[in-house]
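Student: Below you'll find the structure I mean.
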Amino acid sequence: MLKTNRKDLVMQSVQAKVHPPIMKRAYRVGSDGRPWILPATGGITYNFQIGDRCMGLAGDHVEPGVSTKNPDAAMDMAYNTLTCVGNVARVISGEAKGATGFVTGKHGGIDHVMIAFAQEVLEKLTVDDQFLVKAYGQGLVLSDYPDVKVMNLDPDLLDKMNIEEKDGKLIVPVTRVIPAALMGSGLGSDTMTSGDYDIMTRDPKSFEELKLDEMRFGDLVMIQDHCNDHGPDYVQGAVTIGVVIHGDSYISGHGPGVTVLLSCRKPLIEAKLDPEANLATLLNFTR
């Protein structure tokens, strides 16, 4: 097991509610100029969860499970920054009060935190319901790998990622390796401790070669030549590990979103391809 500073981490409560779908305009214009009117971000998504495909949906930037947000801007910044993938979330109002789930990702721009709950819980929730998350993980350090930046990652999930150590490197199971050239919306961010950035999917050749049509919500992926110790940088040899947190998009420069978990400017992380490297498997999520 990797040595960390887990004993030094602070666990704090942050709180939010369901953020319903909103529309500032009816149409979303695709990269081919075609206008679309489709479901998008927000609300409670009943029929797509982690482990399900995130590609080919009749939707744009679809978020699995429950999309949450705090209506106060400053509180929401703390909520979106301090929560980590794998954190425990508890329903604190309504018919499903007391039910627990876990954080599956953070979506920039709309500033949503997505939470997975069992199907029976989803059916009881309303857009007025509220959630308390035990935020835990920001500040996590790998004691023997000071050059590897950890963010947005619950320590319990780190322990379940089946990371191996070999010749001074970390071998991380992922479903696929994404070249730097495919990373789009989200570039230019000054930090990746909140939000995500997107894998562009409009290039037919790379789409076929990388089998992007098979991507799922919750997939762990490696991004080549990208460093995210601050905002995303192109650095040859750098490596980033992240999790797919929202669905594909028709819009230019967009696609499935990735919340960053690990990153390093040096080639100290290697990928081990594993089709089971998904949050649903790692966290034993059952619908």
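The values are calculated or read from the model by the stated rules, or taken from the named source; none is laboratory data. Treat the numbers as computed from the prediction; the structure is a model and nothing was measured. Heads up, the Cβs are rebuilt from the backbone with ideal geometry, glycines too, and the neighbour counts pull from every protein chain shown. Surface accessibility is based on the protein's heavy atoms, side chains included, excluding ligands, DNA and RNA. Shrake-Rupley method; radii C 1.70, N 1.55, O 1.52, S 1.80 Å.
Student: Considering only region 212-270, state which residues are farther than 18 Å from residue 146 by Cα, surrounded by 20 or more Cβ atoms within 10 Å (Cβ to Cβ) and of a type in the set (A, V, I, L, M, F, W, C).
Tutor: 212, 215, 217, 220, 221, 222, 223, 243, 244, 245, 258
Student: Yes or no: region 217-239 includes at least one residue that is within 23 Å of residue 36 (Cα to Cα) and in contact with a strand residue (DSSP E or B) (Cβ under 7 Å, 6 or more places away or on another chain).
Tutor: Within region 217-239, one or more residues are within 23 Å of residue 36 (Cα to Cα) and in contact with a strand residue (DSSP E or B) (Cβ under 7 Å, 6 or more places away or on another chain).
Student: When region 156-169 is examined, which residues are found to be surrounded by fewer than 19 Cβ atoms within 10 Å (Cβ to Cβ) and more than 17 Å from residue 266 (Cα to Cα)?
Tutor: The answer is 156, 159, 160, 162, 163, 164.
Student: Which of the strands (runs of 3 or more DSSP E) found entirely inside region 208-287 contain at least 3 residues meeting this: in contact (Cβ under 8 Å) with a residue 60 or more places away in the chain and touching a Phe, Trp or Tyr at 6+ places or on another chain (Cβ under 9 Å)?
Tutor: Where strands (runs of 3 or more DSSP E) fall fully within region 208-287 and carry at least 3 residues being in contact (Cβ under 8 Å) with a residue 60 or more places away in the chain and touching a Phe, Trp or Tyr at 6+ places or on another chain (Cβ under 9 Å), they are 233-246, 257-264.
Student: Taking the criterion of being over 16 Å from residue 258 (Cβ atoms), among the charged types (D, E, K, R) and open to solvent by 10 Å² or more (accessible area, probe 1.4 Å), would at least one residue in region 170-185 satisfy it?
Tutor: no
Student: What's the number of the only condition in (1) out of contact with any Lys or Arg (no Cβ under 8 Å at 6 or more places or on another chain); (2) buried (at least 18 other Cβ atoms within 10 Å of the Cβ); (3) of a type outside the set (Phe, Trp, Tyr) that residue 195 fails to meet?
Tutor: Failed condition: (1).
Student: Residues 132, 142: which one is open to solvent by 20 Å² or more (accessible area, probe 1.4 Å), among the hydrophobic types (A, V, I, L, M, F, W, C) and at pLDDT 95 or above?
Tutor: 132
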